Every structure is written in structure tokens, then in C-alpha cells.
Amino acid sequence: MARLVGFYPGSFDPLTNGHLDVIERACKLVDRLIIAVGTHHSKKPLFSHEDRVALMRAVLDPIGRSSDTELDYIDFDGLMVQAARDHGASLIIRGLRDTTDYNFEMQMVGMNSQMAPDLQTVFLPSSPHVRHISATLVRQIADLKGDISAFVPPVVLEALRSK
């Protein structure tokens with residue numbers, strides 16, 4: 001029987017409870033989930049790639065084990081559809097918080113489907129309790145010394161406090 005492989009791309013800078021919500025639910029859909037940390041040359045990340053992956057492993061590996069989902073962490077630089085294909089994915093997992101995300105993601109689906117018609121995109125709407133969380137806002141609140149404990153896993157909170 002063929003294994004279903006999902007590809008969940010993002011910057012994960014930092015990993016938020018919103019990401020965690022999508023990943024937990026994606027693990028119920030696929031046998032293997034590739035968590036793909038994208039490189040944006042125009043942005044200076046808060047955490048290095050290595051730190052982001054280490055934090056993700058600490059938080060997500062137990063979820064993979066409990067859901068019997070193989071989790072892989074990769075970095076990619078370039079077209080997301082090419083990275084998904086290179087790693088054997090057939091599904092691209094995308095979280096949706098609101099209509100702004102939806103409008104942007106629909107444009108991406110159109111472009112991606114022309115470049116890679118063999119890949120399907122699955123939208124997972126954010127759960128209501130995390131719908132408002134964005135990594136950008138978390139970084140801004142943390143930078144202003146605000147309380148972000150409700151927005152990130154505890155291990156990420158500690159890593160942010162040590163920055």
C-alpha cells in the first residue's frame with residue numbers, strides 16, 4: 001500500500017501554537033509529514049535554521065510518535081513545489097486563519113497546480129483558539145517584551161526569552 005506523504009512548508013520563526021494545531025491535524029491525514037523550513041534571503045530570521053529544527057523536534061516528535069506519523073524536517077530554498085516533489089510528497093498542507101490567508105493561498109494553488117499538477121493542496125482551517133496567532137505578531141510582541149506564553153509551546157517560549 002502506498003504511503004501518503006504531506007509537505008508542510010513555512011518559516012516557523014518561531015514555531016507557534018497555530019503551526020502546532022495544523023501539524024497535529026495533518027498527522028491524522030498522512031503517513032509521513034515533511035516539515036519544510038523555507039529560506040527567505042530577504043528576511044533575517046530570529047532563530048537559525050538549526051535552532052528552529054531543534055525546537056520543532058522537541059515539540060513535534062512526540063506528536064509524530066503518538067499519531068504513528070513519520071516526521072521529517074528539511075530546509076528548502078527555491079520553489080516549494082519542487083522541494084515537495086524532490087521529497088516524494090503528494091499533498092501540500094496549508095493552514096488558513098482567515099480570508100486574507102485564503103485569498104493568498106488560492107493564488108498560490110493556481111500557480112502551483114500549473115507547475116505541479118501532480119501535487120494537491122489541502123487547506124486546514126485553524127482551530128478557533130489559535131486562529132489569531134501569527135509568527136510575525138509573536139516576534140513583534142516578544143521584541144516589545146510582551147507576554148507570548150499563550151501563543152507558543154513552552155520550549156519555544158524559553159528559547160525566545162533567552163534571545
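Neighbour counts of other Cβ atoms within 10 Å put Glu24, Glu50 in the fewest-to-most order Glu50, Glu24. Within straight-line reach of Lys145, meaning a Cα separation under 28 Å, sit the following lysines at least 8 residues removed in sequence or on another chain: Lys43, Lys44, Lys163.
The ranking of Val81, Val5 from fewest to most other beta carbons within 10 Å of each one's beta carbon is Val5, Val81. Per-residue Cβ neighbour counts within 10 Å put Thr100, Thr121 in the sequence Thr100, Thr121, beginning with the fewest. Taken one residue at a time, the phi angles of the range 35-47 give Karplus couplings (6.51, -1.76, 1.60, θ = phi - 60°) of 9, 9, 8, x, 9, 10, 5, 8, 10, 9, x, 5, 10 Hz. Gly and Pro are set to x. Using a simple spin-label model with pseudo-atoms 7 Å out from Cα toward Cβ, Gln140 and His41 lie 2.8 nm apart. Rounded to 0.05, the FRET efficiency of the Ile74 and Asp147 pair, given R0 = 45 Å and the Cβ-Cβ distance, is 0.90. Rg/Rh for the chain (Cα atoms only, Rh after Kirkwood) is 0.95.
5 Å is the cut-off here: which amide hydrogens, built 1.01 Å from N in the peptide plane, fall below it relative to Phe76, excluding neighbours closer than 5 in sequence? Result for Phe76 returns Val37, Gly38, Thr39. Summary of the geometry: the range 72-93 and the range 99-163, compared by the centres of their Cα atoms, lie 18 Å apart.
Would you mind working out the magnitude of the charge dipole of the range 5-161 relative to its Cα centre, with +1 at each Lys and Arg C-beta and -1 at each Asp and Glu C-beta, to the nearest 20 Debye?
Roughly 300 debye for the range 5-161.
For Val152, the residues whose modelled amide H falls within less than 5 Å of its own, excluding neighbours fewer than 5 places apart on the same chain, are Asn17.
Throughout, read-outs are computed from the coordinates displayed, never taken from laboratory work. Note that this is a predicted model, so its numbers are computed, not measured. As a convention, Cβ positions derive from the backbone with ideal geometry for all residues, glycine included, and neighbour counts pool all protein chains shown.
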